[in-house]
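Report on the following structure.
The values are calculated or read from the model by the stated rules, or taken from the named source; none is laboratory data. Everything quoted here is computed from the prediction, not taken from an experiment. Methodologically, a virtual Cβ is constructed for each residue, glycine included, from the backbone with ideal geometry; neighbour enumeration extends over all protein chains shown.
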Amino acid sequence: MSSTVPEGGEGTAAVGAILDPRSHVLVVKRAVREGDPWSGQWALPGGRWTLGDSDLLETLRREVLEETGIDITMLEPIGWLGPLSPMNRPGLKVHVLALLARERPQVRLNYELSDFRWVRPSVMRRALVRALTSFGEREVEAMVEEDVVIWGLTYRILDQLYSSGFLRSLHTG
């Protein structure tokens, strides 16, 4: 993980891995919208850099506040991961900022999202599931907990945070 804030620019995005003190991660469900390749999927809050954002930290602050009502300036930044790219948009470079909340912040979803959950990747069931991808229906690796099915880029991000030992090192019980 790096403490250097990525610059941003065309073709970049930032998402936040917001963690509570027990290593639960906030995931959000994207609202179903025509033309959105990630419509209806569980993801981390965040979004694309836009002209006027000084860097990807500003992008992340703006996007997380708009989507969830959470002001990330009140959270402890842990470090940046990435860039990673979604399989259906290899030109998009997504940077992840891990953030620690001393207590769970209140979440107020905007119209772009339909639900949220606090999940702990370490206890989520790993499975192969059928998913409708940009390339058609495919069997994909996923983390599953009740009705939350996380796959694709979000799966890779959470898996990387967990397998690196990062989430385990934060767990307090």
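Here are a few things to note about the model shown:
- Note on segment 91-113: among residues that are of a type outside the set (A, V, I, L, M) and surrounded by 14 or more Cβ atoms within 10 Å (Cβ to Cβ), the one that is modelled with the lowest pLDDT is Glu112.
- Hey, Trp49 touching a Ser or Thr at 6+ places or on another chain (Cβ under 6 Å) and farther than 17 Å from Leu19 by Cα or not: yes
- Within segment 60-112, being over 17 Å from Ile157 (Cα atoms) and of a type in the set (D, E, K, R) holds for Arg61, Arg62, Glu63, Glu66, Glu67, Asp71, Glu76, Arg102, Glu103, Arg104, Arg108, Glu112.
- Out of Trp38, Trp42, one residue alone is surrounded by 23 or more Cβ atoms within 10 Å (Cβ to Cβ), among the aromatic types (Phe, Trp, Tyr) and within 20 Å of Asp159 (Cα to Cα). It is Trp42.
- Pick from segment 114-152, criterion at pLDDT below 95 and among the small types (Gly, Ala, Ser), ranking: surrounded by the fewest Cβ atoms within 10 Å (Cβ to Cβ): Gly136
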